[in-house]
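The values are calculated or read from the model by the stated rules, or taken from the named source; none is laboratory data. Predicted, not measured: the structure shown is a model, and the values here were computed from it. Here the Cβ positions follow ideal geometry from the backbone for every residue, glycine too, while neighbour counts run over all protein chains shown.
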Amino acid sequence: MRGMTKEQVLVCMGPAKKKAHEDEGDTDVWSYPSSAKRSDTHCTVNVVMHNGIVTGLQYIGDRGSLIAPDENCAWAIEHCLPGNN
């Protein structure tokens, strides 16, 4: 997802549950809750952007295998991966 624009993130992930902005460095962090089909696990995916371009992702919580189908963090980002959009 590195290099994607804010607009591209909105298309593949939808609106963020939470947004944070740091004026110094013009950095935005968009947070997306993600969970597997089990209700006892969860993950938050933070999309970090600098000047409107994705520079990285942070996974917080019970993440499981990051991009394996049906894992905690997978569903939030699955539509952003090549071949899944």
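Considering only residues of the stretch 26-49 that are of a type in the set (A, V, I, L, M, F, W, C) and outside any loop (DSSP other than H, G, I, E, B), which is modelled with the lowest pLDDT?
Going through the qualifying residues, I end up with Cys43.
If you scan the stretch 1-25, which residues turn out to be closer than 19 Å to His79 by Cβ and assigned to a loop (DSSP other than H, G, I, E, B)?
Met1, Arg2, Gly3, Met4, Gly14, Pro15, Ala16, Lys17
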